[in-house]
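What follows is a set of notes on a single structure, which appears directly below.
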Amino acid sequence: MDRGTAGSANRGRLQVGVRTEGLSEVVKPAGELDHHTAALLSEPLDQALAQGRSRLVVDCSELEFCDSTGLNVLLGARLKAEAAGGGVHLAGLLPVVARVLEITGAEAVFTVHRSVEEALSV
């Protein structure tokens with residue numbers, strides 16, 4: 001299921017695809033994750049957790065930008081997933097997003113994988 005952004009000013013800035021792979025929910029944000037688009041990612045993450053899928057794989061291979069609001073969405077999902085006995089796995093980070101995680105120290109609290117396939121095999 002792909003979701004477009006709300007509001008014409010932000011249309012197309014973030015698309016989020018969701019699929020289930022075994023026990024994991026794979027969520028793929030593509031575009032820019034920021035204050036204006038964060039809800040488009042938090043919604044499917046929250047929905048997966050509400051449906052009992054606590055192992056979340058976020059495919060970041062097409063995530064071109066992530067600000068502090070986007071990072072907070074990922075951190076919030078991590079806390080909820082861990083409370084439910086699961087976790088958040090980040091896969092395929094582009095250098096610009098990896099740098100945000102490095103600068104903020106958030107890379108230390110996520111499990112990071114080179115690819116979705118690697119994340120799913122763990």
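The values are calculated or read from the model by the stated rules, or taken from the named source; none is laboratory data. Fair warning: this is a prediction, and the values are worked out from it, not measured in the lab. Every residue, glycine as well, gets a Cβ built from its backbone with ideal geometry; the counts of neighbours run over all protein chains shown. Note: areas computed on protein heavy atoms with side chains; ligands, DNA, RNA excluded. Shrake-Rupley method; radii C 1.70, N 1.55, O 1.52, S 1.80 Å.
Among the residues of segment 83-116, those identified as touching a residue at least 24 places away in the same chain (Cβ under 8 Å) and assigned to a helix (DSSP H, G or I) are VAL96, VAL97, VAL100, LEU101, THR104, ALA106, VAL116. Residues in segment 69-92 that are of a type in the set (A, V, I, L, M, F, W, C) and in contact with an Asp or Glu (Cβ under 9 Å, 6 or more places away or on another chain): ALA77, VAL88, LEU90, ALA91.
Go through THR111, THR104 for me and flag whichever is among the β-branched types (Val, Ile, Thr), touching a His at 6+ places or on another chain (Cβ under 9 Å) and open to solvent by 20 Å² or more (accessible area, probe 1.4 Å). If you could, list the steps in order and put the result at the bottom.
Values: THR104 fails: touching a His at 6+ places or on another chain (Cβ under 9 Å).
From the options THR111, THR104, the qualifying one is THR111.
Can you pull out the residues in segment 2-17 that are open to solvent by 20 Å² or more (accessible area, probe 1.4 Å) and modelled with pLDDT of 95 or more? Lay out the reasoning, then the answer.
Step one: filter segment 2-17 for residues open to solvent by 20 Å² or more (accessible area, probe 1.4 Å), giving 2-4, 6-13, 15.
The answer is GLN15, and nothing else.
For THR20, the criteria (1) touching a strand residue (DSSP E or B) at 6+ places or on another chain (Cβ under 6 Å); (2) part of a strand (DSSP E or B); (3) open to solvent by 20 Å² or more (accessible area, probe 1.4 Å) hold in every case but one, which is (1).
Here is a check on your reading of the model: is VAL73 at pLDDT 95 or above, within 14 Å of ALA119 (Cα to Cα) and touching a helix residue (DSSP H, G or I) at 6+ places or on another chain (Cβ under 7 Å)?
Working: at pLDDT 95 or above: yes; within 14 Å of ALA119 (Cα to Cα): no; touching a helix residue (DSSP H, G or I) at 6+ places or on another chain (Cβ under 7 Å): yes.
The answer is no for VAL73.
Of all residues in segment 55-79, those being surrounded by fewer than 20 Cβ atoms within 10 Å (Cβ to Cβ) and over 17 Å from ALA108 (Cα atoms) number 6.
Among the residues of segment 80-90, those that are surrounded by 14 or more Cβ atoms within 10 Å (Cβ to Cβ) and either among the hydrophobic types (A, V, I, L, M, F, W, C) or more than 14 Å from VAL27 (Cα to Cα) (or both) comprise LYS80, ALA81, ALA84, GLY86, VAL88, LEU90.
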